[in-house]
Amino acid sequence: MRKLFAWVVIFGLAACGGDGGARGVASSDPFCQEVIPRVDAFMAEAREANPTPDDERYGGTVVVAGIGEIPDGMNAAVSANYAARQHQEFVNLMPLVNYSAELEVQPYLAESWEVSEDGTELTFHIRQDVYWHDGEQTDAHDVAFTYRTVTNPETAFPNSAFSDHYVRGPEGVEVLDDFTVIIRLERHAEFLDAWTTLGILPEHLLGDVPPARLSQHPYGTQCPVGNGPFVFVSHAQQDRWVFDANPAFPAALGGRPFLDRYVYRVIPEQTTLLTELLTENIDIYIAPSPDQAQRIIDAPNLELLDFTFRSYVLVGWNSRRPQLADARVRRALTMGTNREEIVEAILLGYGTVANSSVPPFHWAYDPDAEVALDYDPEAARALLEEAGWSDRDGDGVRENADGLPLAISIKYNSGNQERQNVAEIMQAQLADIGVAVTPQVVEFGTLLQQINTPTLRDFDGVVMAWVTEFKLDDTNLFHSERIDQPYAWSGTRNPEMDRLIEALSVTVDRERAMPLWAEYQREIAEEQPYTFFYFPDRLDGVNRRVRGVVMDARGEWVSIRDWHVDPASR
Amino acid sequence: MSKYVLRRLLGAVPLVLGIATIVFFVVNLAPGDPTLYLLAPGMDADVIEQMRVNYGLDRPVYIRYVKWVGSMLTGDFGYSFTYRRPVAEVLMEFLPNTLLLTGCALAVAFAAGVVLGTIQAVRQYSALDSGLSVVLLFFYSMPSFWLALMLILTFSLFARNVWEWPLWFPASGMTSTGYPFLGFGEQVRDRLMHLVLPTASLALVLTAGIARYMRGSMLEVVRQDFVRTARAKGLPERTVVFKHALRNALIPIITLVGLYVPVLFSGAVFIEHIFAWPGMGRAIVEAIDTRDYPLVMAGSFFFAVTVVLANLLADILYAVVDPRIRYE
Amino acid sequence: MSEGVLPARGRGGRALSAVLPGAPQLLGGRVGAGAAALLAWTGLLWIGLTRAERVRAALSGPWDARLAAFTLLAGLVVVWAWSWWDAGRRYRPKTVAVSQWELAVRTFSRNRTAVAGLIVIGALYAIALLTPLVAPYPPNLQGNLVTERFVGLSAAHPLGTDHFARDVLSRLLYGARISLLIGFVAVAISVSVGTLLGAVAGFIGGLVDAAIMRFVDVVISFPRLVLLITIIALFEPSIFLITAVLGLTQWPSTARIVRGEVLSLREREFVQAAEALGYSKPRIILRHLIPNAMAPVIVAATLGIGNTIVLEAGLSFLGLGVQPPTPSWGTMVDAGRGNLLDAWWLSTFPGLAIVLTVLSFNLVGDGLRDALDPRLRS
């Protein structure tokens, strides 16, 4: 027995060497090996040149934990994941502009900008006091490089932001001088939205990489070099990311952040995450489930932050199918589902029933314009009768004149309890109005293939969710011209909707766009390509020792520069 | 003997090749591909197509197969889609973590299993024997992820917040956040603290199997003539059991070690998932989910090689320790 | 047979047995048989009396309800009849040499934990059959989503309700059927395939043996998780597919065991005699070798059922188990794992059910091994 105990200790000691030093597991890639010493050197210099101010808020480490890893890391040209984009926008990189709390665009990396009269030229003036973490200055060349890269088809930039309305490739950008850059575009609404999420990449490091190889470059996950408030320190796969405060962050933007260190941990199990939060091993738990919310509220040292997020859960109806071709049927399906009850029961009230793709906090949202198809089984039955579906053979399921039963399947992906809930509840409730629903679970990759392949479209209804940008654009979802593109699940061919979508995309002035949005919301209610379910609230569990945490629709990390730790609990 | 080993090794090559081929086709035939996960509204079909080109997925299957075979020979397994790094590097980063966890768990399980199995054999049919059987099998019968979660709740959450024990364990991870700043001794302690719960979860499940094996082996040995002789000679029971019987009973257990080697490398998927332990098992399962072909195939290949070698090791060990066995 | 008091015999014993089957055996010192009979009788009678209406309705209902009703009535009859017959038997201690099987049975019955395990398994399968009569609610019936979700242990719901306001006790009972079925069928598949291939390999030897053993090596070395996940992702995860896949990945160990047994049996005289008599190879394999090699296989099979049930829970964890809304113990444990702190009953009861079942199978398997392996008997 003693021998065995010794083995265990030896194992522990032997394995210690693995996590060596502050850098963690070193990358063997020559690019990283070259870049990292330069970053270390510059940071050492910057720390000397910018000593920490004498304010008790400075210092401390905050640990944030979430369920997923940050795929593609800080490589803004190839990543589409929410956590990755948040870290690029607020932690490690800098986009040109930001949203304020009121959703107005405000300067960030860009000091100012102008738009030409006809709206086809956008000129950015870049700040002159921003430096990459390896010492090079950030300038217009970086912006131009980033723009060329993301609009280059070879890069396969996954975010659609620049694909419409911007002039792609080298013709779309011109560098006037070191800090002025001109972007060419077509006149369209919310043209600055794309720039709020795109972290600018360093040309001096990535300029020589062929765009097609960019997605495999070690920059993203092994040695990202940014210019934002936090400097990358280390990344252990599927385990944690570590960032340190950037002492060289421009004083005009607030100087170095209060925190000394910020760690993002990956913990794939919800119960474990909750335990770690309750035992104070982590400070912030990103996206607990509504069932866990009460525990967080009850804990005296924790706080539950709760905000409406810009994602919505929907059931998409394939109007190519005969049972779902009639808009009246689709409206009846919505009216036959008690969405209020679902929000109450499943989300425990942490959500808002949705009636269109416009989130309730959005400036375009008009509560009066919304046509709410409230839960009304009587009206639903009436609509179905009107559309020619009645129960002719007394089996509880309606048929049309040709005898086709109103039997549909609703697919959802495995491993997602919430979507399973939606499908099963719909099954129970729609049975009441004479519709036979069969929930069908499909593995996620397979499901995506089934609904996205234009020649396949193998589904009747599908439970899905969209995350929208602040620039709302349903072109790819509902415009008839895109009907053979992957996302046209509903197969909508509605000239009114086409007209509205086109008009909205070119109306720049928000005032003038409001009535169009109102009309659009009414039209969506008519057409019901989806049954819009709800905008789930985003929940976050935060330890009270972390102050200055603001989380809203812009994201969880929006105020990370202001986060500071209560000195007493360091 | 060496001829036998050589023959087995040669035979292993087509075996591994066959497995690798099957894995390749099974994985590549699954519907969907890695690009599906990166889709967002507004992406053109062209962008998706470009992504697939970037991943090398546009080439026909047989060309990719040839490339795969080539990579097995050269050791260059390509780039992982999800980690954007050479697959070999990715696996090498996960491997030590898994080895640490499963190594500790197997060490504990073998130690406990041998001891408990011996006790059970010496006291066959007693209350202790039955009692131990029930207790060990109780833990063996639990779904391991449930056991892991119960351990976390008991020894991490309740121990700290509810019962306020002086000692409680962290619920996840290999090291704490402040690890790089700790002194050497504190680092060792930190690692051990993080090891306790995951190792316990795994070891509790493994011990039952080993104890039962040991019990059977011990029972067999104790009935043999040489033990009767030793007793007849008047040796104290203790010496008979521990000095004579135990050593012989351990022989088949040693070969069992060989059979548990694959567990060492494949990791324990559920435990790694629950404890956020960055290990091989979790990596491979997540790779299958995200259709990270190079990683899945390299991982499966690696696993197959370890199993084949482990079987060979078990057979060799058996021949080494038992002089009656001869392979031609 | 006990070594102590002889059971009550004659009219007295029979009269007691007519009213309370199992009692005379208990009084006579045969605890195992007596307890089992008494439990079965009282249990079945209680179900029958408290649910008389349902029993009557079940006789004309769906096939599983009819099966349940039939089991109930048949069970009552069988228990009563056996007890009646047994109470009237004369017992003489056997002093003459006993057969292998009798010896095995005696050793087994002396092993209390094994017998307890056997009783539990019997009870489980009986409950699984009787579920349509016993379960208080249909398994997929959703209550009021706002007020009845996550209700704790209460009178209306003895084991609480789940995310969809469904009764946990009823789902547990219906889940028993699925889990026990999967366990049994998967092991049946693996034992059949493994035994056949192992016997053929061991007996015929040579190239066939080498080929089959290579095949066994491939299957064993194959990363099972990869295969499971990919296959179940490719096709829909139906109960049939899960059972088939679980069965077809577990046969190699059985094959190896059987092959080992056959190798040693092959040299025995009775086999040589059979060959000398000119029996065909298949006949020898099927009628002579396999029955004699079955002992370790039976042990492995009982242990295998337990393993399979736990594996099924693991598959649910990966999202590949039995698909909702069909309940199975594995999916129930998995579904409750996000609520362990608050709605602890969701995972705990199915988890305990799994533990109890697997434990029982393992104890029975251990008992069988002790009973059937001549080297282990004291």
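The values are calculated or read from the model by the stated rules, or taken from the named source; none is laboratory data. Computed from a predicted model, the values in this text were never measured in an experiment. Note that each Cβ is placed from the backbone with ideal geometry, even for glycine, and that neighbours are counted across all protein chains shown.
Observations, loosely collected:
- Qualifying strands (runs of 3 or more DSSP E) (wholly inside region A:58-130; at least 1 residues being touching a helix residue (DSSP H, G or I) at 6+ places or on another chain (Cβ under 7 Å), within 14 Å of chain B (Cβ to nearest Cβ) and modelled with pLDDT of 90 or more): A:61-66
- Candidate set: region A:287-329, residues that are aliphatic (A, V, I, L, M), within 14 Å of another protein chain (Cβ to nearest Cβ) and within 28 Å of the chain's Cα centre (by Cα); chosen: the one nearest to residue A:558 (Cα to Cα): A:287
- Here the condition is being within 29 Å of residue B:17 (Cα to Cα) and either within 25 Å of the chain's Cα centre (by Cα) or surrounded by 20 or more Cβ atoms within 10 Å (Cβ to Cβ) (or both); of C:177, C:214, C:256, it holds for C:256 alone.
- Number of positions in region C:144-183 that are part of a strand (DSSP E or B) and closer than 19 Å to residue C:358 by Cα: 0
- Which numbered condition residue A:512 misses (of (1) without any contact (Cβ under 8 Å) to a residue 12 or more places away in the chain; (2) part of a loop (DSSP other than H, G, I, E, B)): (2)
- Pairs linking a residue in region C:92-109 that is assigned by TED's automatic domain parsing to the domain that holds residue C:364 to a residue that is of a type in the set (Ser, Thr, Tyr) and at pLDDT 70 or above, with Cβ atoms under 8 Å and 6 or more positions apart or on different chains, do not occur.
- In this entry, residue A:194 passes the filter for residues that are crowded, with 20+ Cβ neighbours inside 10 Å, assigned to a helix (DSSP H, G or I) and within 14 Å of another protein chain (Cβ to nearest Cβ).
- Any hit, region A:328-337, residues being surrounded by fewer than 22 Cβ atoms within 10 Å (Cβ to Cβ) and within 22 Å of residue A:431 (Cα to Cα): yes
- Here the condition is being part of a loop (DSSP other than H, G, I, E, B), farther than 30 Å from residue A:154 by Cα and touching an Asp or Glu at 6+ places or on another chain (Cβ under 9 Å); of B:125, B:83, it holds for B:125 alone.
- Qualifying positions in region A:473-494 - in a loop (DSSP other than H, G, I, E, B) and within 16 Å of residue A:324 (Cβ to Cβ): A:483, A:488, A:489, A:490, A:491, A:492, A:493, A:494
- Of the candidates B:159, B:208, the single residue that is more than 19 Å from residue B:102 (Cβ to Cβ) and in contact with a Phe, Trp or Tyr (Cβ under 6 Å, 6 or more places away or on another chain) is B:159.
- Boolean, residue B:157 is within 25 Å of residue A:298 (Cβ to Cβ), at pLDDT 90 or above and in a helix (DSSP H, G or I): yes
- Number of the condition not met by residue A:168 [criteria: (1) under 19 Å from the mean Cα position of the chain (by Cα); (2) at pLDDT below 90]: (1)
- Residues that are within 34 Å of the chain's Cα centre (by Cα) and outside any helix (DSSP H, G or I) were ranked within region C:262-299; the one that is surrounded by the fewest Cβ atoms within 10 Å (Cβ to Cβ) is C:268.
- Qualifying positions in region A:319-340 - within 11 Å of residue A:527 (Cα to Cα), of a type in the set (Gly, Ala, Ser) and in a helix (DSSP H, G or I): A:327
- Per-region count, region B:283-322, residues among the acidic types (Asp, Glu) and closer than 24 Å to residue A:269 by Cβ: 3
One line per residue, one yes/no per condition, for (1) among the hydrophobic types (A, V, I, L, M, F, W, C); (2) more than 23 Å from the chain's Cα centre (by Cα); (3) more than 9 Å from every other protein chain (Cβ to nearest Cβ):
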| position | (1), (2), (3) |
| --- | --- |
| B:68 | yes, yes, yes |
| B:95 | yes, no, yes |
| B:111 | yes, no, no |
| B:117 | no, no, yes |
| B:124 | no, yes, no |
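- Region A:518-539: number of residues that are within 18 Å of residue A:499 (Cβ to Cβ) and either touching an Asp or Glu at 6+ places or on another chain (Cβ under 6 Å) or assigned to a strand (DSSP E or B) (or both): 3
- When restricted to residues that are within 24 Å of the chain's Cα centre (by Cα), within 11 Å of chain B (Cβ to nearest Cβ) and outside any helix (DSSP H, G or I), region A:253-286 contains 10.
- Only one of the numbered conditions (1) more than 21 Å from residue A:442 (Cα to Cα); (2) without any contact (Cβ under 8 Å) to a residue 24 or more places away in the chain; (3) at the interface with chain B (Cβ under 9 Å from one of its Cβ atoms) is not met by residue C:338, and that is (3).
- Being away from chain B (no Cβ under 11 Å) and among the β-branched types (Val, Ile, Thr) holds for only one residue in C:290, C:354, and it is C:290.
- When residues in region C:225-247 are screened for being within 14 Å of chain B (Cβ to nearest Cβ) and under 17 Å from residue C:189 (Cα atoms), 2 of them pass.
- Residue within region C:12-26 that is in a helix (DSSP H, G or I), modelled with pLDDT of 75 or more and within 20 Å of residue C:110 (Cβ to Cβ) present: yes
- Any hit, region A:191-199, residues being out of contact with any His (no Cβ under 9 Å at 6 or more places or on another chain) and among the β-branched types (Val, Ile, Thr): yes
- Taken over region C:201-211, residues that are crowded, with 22+ Cβ neighbours inside 10 Å and aliphatic (A, V, I, L, M) amount to 1.
- Residue count for region B:141-154, restricted to those that are facing chain C (nearest Cβ under 7 Å) and either in a helix (DSSP H, G or I) or small (Gly, Ala, Ser) (or both): 5
- Taking region A:217-252 as the range and being within 18 Å of residue A:150 (Cβ to Cβ), within 9 Å of chain B (Cβ to nearest Cβ) and in contact with a Ser or Thr (Cβ under 9 Å, 6 or more places away or on another chain) as the test, only A:220 passes.
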